[in-house]
Amino acid sequence: MIKDTNREFSDVLGMCRKVFEAKLGDYGPSWRLLRPSSVTDQLFIKAKRIRSLQLKGKTLVGDGITGEFMALINYSFIGVIQYRQGFVDSKDMDSEAALAAYDGVASEALALMVKKNHDYDEAWRSMRISSYDDFILTKIERIKEIEDHEGQTSVSEGVDSNYLDIANYAVFGVIKCLEHGIE
């Protein structure tokens, strides 16, 4: 069976957008108050939970690995928005503007995946699900270092590039989880 990475990737982004939109309906864009370092810490919590679930093999609160990968995607997109627009002390956009910003970052993530998938020739399909989480945790540690250095890097990509990489690894994680029936 020939797999269509672009379609699968877009399908996962659509699933995540529905969750993001539903949460906007509940809370509005309250995340605009988060400083980028807080978004990074939220990503860390989600990625560590995936690792914990993988190692323990069960959850006591009901949310599974697939849902946590989806949360990583949404928080990564929030991270890009916050990094580029800065945080605020009170909500400064409505849900429509938040969705437009989200859609812009999602399009950027898809375009990045298409380029990298071309160069890496579908290598992600042969990876283990646990590796996506390990790479995400590594990216988070890189972001923390960059944040601790006030955004200064000498040869490395920036924070927003790392957020996009996290989102893309998480999309691959969702695809693999769905293929293997992992909740």
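The values are calculated or read from the model by the stated rules, or taken from the named source; none is laboratory data. None of the values given here were measured: they were computed from a predicted structure. Because the Cβ atoms are built from the backbone with ideal geometry, glycine has one as well, and the counts that use them run over all protein chains shown. The area values use the complete protein model at the heavy-atom level, side chains included, leaving out ligands, DNA and RNA. Shrake-Rupley method; radii C 1.70, N 1.55, O 1.52, S 1.80 Å.
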Can you name the residue in the range 82-133 that is touching a Pro at 6+ places or on another chain (Cβ under 9 Å) and within 16 Å of Asn162 (Cα to Cα) and is also least open to solvent (accessible area, probe 1.4 Å) among such residues? Gln82
Here are some residues: Gln54, Gln82. Which one is closer than 17 Å to Leu178 by Cα and either touching a residue at least 40 places away in the same chain (Cβ under 8 Å) or in a loop (DSSP other than H, G, I, E, B) (or both)? Gln54
Residues of the range 136-177 being part of a helix (DSSP H, G or I), more than 22 Å from Ser107 (Cα to Cα) and open to solvent by 40 Å² or more (accessible area, probe 1.4 Å), in sequence order, are Thr138, Glu141, Arg142, Lys144, Glu145, Glu147, Asp148
When you check Phe69 against the structure, is it buried (at least 16 other Cβ atoms within 10 Å of the Cβ) and outside any helix (DSSP H, G or I), yes or no? no
Flag for Ile65 being under 15 Å from Ala170 (Cβ atoms) and without any contact (Cβ under 8 Å) to a residue 12 or more places away in the chain: no
Among the listed residues Leu24, Leu34, Leu60, identify the single one that is open to solvent by less than 60 Å² (accessible area, probe 1.4 Å) and either free of Cβ contacts under 8 Å to residues at least 12 places away in the same chain or within 24 Å of Ile140 (Cα to Cα) (or both). Leu34
